[in-house]
1. Please verify whether residue 267 is in a helix (DSSP H, G or I) and in contact (Cβ under 8 Å) with a residue 60 or more places away in the chain, treating the condition exactly as stated.
2. Among 286, 336, 298, which is part of a helix (DSSP H, G or I) and either farther than 26 Å from residue 463 by Cβ or at pLDDT below 70 (or both)?
3. For residue 75, work out the one condition from (1) under 19 Å from residue 138 (Cβ atoms); (2) crowded, with 16+ Cβ neighbours inside 10 Å it doesn't fulfil.
4. Name the single residue that is farthest from residue 99 (Cα to Cα) among those in the stretch 34-68 being in contact (Cβ under 8 Å) with a residue 40 or more places away in the chain, part of a helix (DSSP H, G or I) and out of contact with any strand residue (DSSP E or B) (no Cβ under 8 Å at 6 or more places or on another chain).
5. Return a yes/no flag: does the stretch 367-375 have any residue that is more than 30 Å from residue 431 (Cβ to Cβ) and either at pLDDT below 75 or exposed (fewer than 13 other Cβ atoms within 10 Å of the Cβ) (or both).
6. Tell me which residues, restricted to the stretch 120-150, are part of a helix (DSSP H, G or I) and either buried (at least 23 other Cβ atoms within 10 Å of the Cβ) or in contact with a strand residue (DSSP E or B) (Cβ under 7 Å, 6 or more places away or on another chain) (or both).
7. Is it fair to say residue 117 is surrounded by fewer than 21 Cβ atoms within 10 Å (Cβ to Cβ), in contact with a strand residue (DSSP E or B) (Cβ under 6 Å, 6 or more places away or on another chain) and assigned to a strand (DSSP E or B)?
């Protein structure tokens, strides 16, 4: 759409146009004014909308810059014809409108200034509506005082040439427009595809880079978390071990404290008993002193009782001091027992481990002894078999004595081999017997060592119970 406020001509053109300028703006059909040089002087909004350009861009331009060459040439010829003939002209004309070439009815008349034609006013009507264009032209002419001007016509040969040129120009323009449209469409599609592919690659590259950065950050965070987890696991393990050791120490300390409290309670009770006895003795001594003072006599019995009571008091004080010393000794012994308890428990654990090892070794010795007994039985069976074989061969040799020297030599050789096998079997039997005796001795030693270990463990256990 065009801006209607910019369709007015300049101040100089408006003075030359006079009343035509206002009538031009009021016209309903597209209308314009071109000077003798073909430059647009004024256009109305309908004309600007027809060609698809703003009036400010039209004023001062020629059709050479706005229309194809054939159209511009035809317009210039008709404008010149109107100026030369001093009459109006209503003729068909091709105009390059905003939607392509369009056949219009162009109604022209000359515009005068001081009696001389200087411009041409053109009204553009639809191609088949001559009457409407003529009426609009006549109204514009009346606005400037032109009435009943003579009409002119374009030569017939020019009309034919115009039609042919218009047809050729239309075909060329259509082909050029189609080629330009195809080329522009292809270029736009290629540019769009290139931009789309480039933008897509850039977006994918950015996304890939972002994903890589995120993966690197995730890997680094995973490594940091793994290191922190390992560190926390080590700390937790250390805390667990320390907690277990502290629990053991706390349990042992509680046991030692309970034992110490028990002994201390016993010592306190003993001290209280001695203190009560001492108090009673002192009271008794006071009573005796009172009685002694009361009677003030030198009775030997009373003096002896007083001496006995004094000695009893001294003995009780000494016993009280001994009880206090015994209590201190028991405290020290309690501390030593706590220290020695761990050593004894360690020795018991070593003895238990030694016992397990000896029991395993004893089991192996017993298994070896069973195997040796089996092998000894097999050897005895082999000896018996060889003896029977030897006796059989001797009997055969005795029966075959008259057969000849060759048979004798073979029998003797077989007899000797059997005797050698018998001797080997006896030696193997003796070796098995010796090895079995050694195994029995080792078994007895291990059993004795195991008994000693069990006894030592029982002694240590008893000692530990005694210490507890």
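1. On the way: in a helix (DSSP H, G or I): yes; in contact (Cβ under 8 Å) with a residue 60 or more places away in the chain: yes.
Here the answer is yes, as residue 267 does meet what is asked.
2. Values: 336 fails: either farther than 26 Å from residue 463 by Cβ or at pLDDT below 70 (or both); 298 fails: part of a helix (DSSP H, G or I).
Result: 286 is the single residue among 286, 336, 298 that is part of a helix (DSSP H, G or I) and either farther than 26 Å from residue 463 by Cβ or at pLDDT below 70 (or both).
3. Single failed check for residue 75: (1).
4. Only one residue fits best here, namely 56.
5. We begin by selecting, within the stretch 367-375, every residue more than 30 Å from residue 431 (Cβ to Cβ); these are none.
Checked the stretch 367-375: no residue is more than 30 Å from residue 431 (Cβ to Cβ) and either at pLDDT below 75 or exposed (fewer than 13 other Cβ atoms within 10 Å of the Cβ) (or both).
6. Initial filter on the stretch 120-150 (part of a helix (DSSP H, G or I)): 130-143.
Answer for the stretch 120-150, where residues must be part of a helix (DSSP H, G or I) and either buried (at least 23 other Cβ atoms within 10 Å of the Cβ) or in contact with a strand residue (DSSP E or B) (Cβ under 7 Å, 6 or more places away or on another chain) (or both): 130, 132, 133, 134, 136, 137, 140, 141.
7. Working: surrounded by fewer than 21 Cβ atoms within 10 Å (Cβ to Cβ): yes; in contact with a strand residue (DSSP E or B) (Cβ under 6 Å, 6 or more places away or on another chain): yes; assigned to a strand (DSSP E or B): yes.
Spelling it out, residue 117 is indeed surrounded by fewer than 21 Cβ atoms within 10 Å (Cβ to Cβ), in contact with a strand residue (DSSP E or B) (Cβ under 6 Å, 6 or more places away or on another chain) and assigned to a strand (DSSP E or B).
The values are calculated or read from the model by the stated rules, or taken from the named source; none is laboratory data. Computed from a prediction, not measured in an experiment: that's the story for all the values here. Here Cβ is always computed from backbone atoms with ideal geometry, including for glycine, and neighbour counts include all displayed protein chains.
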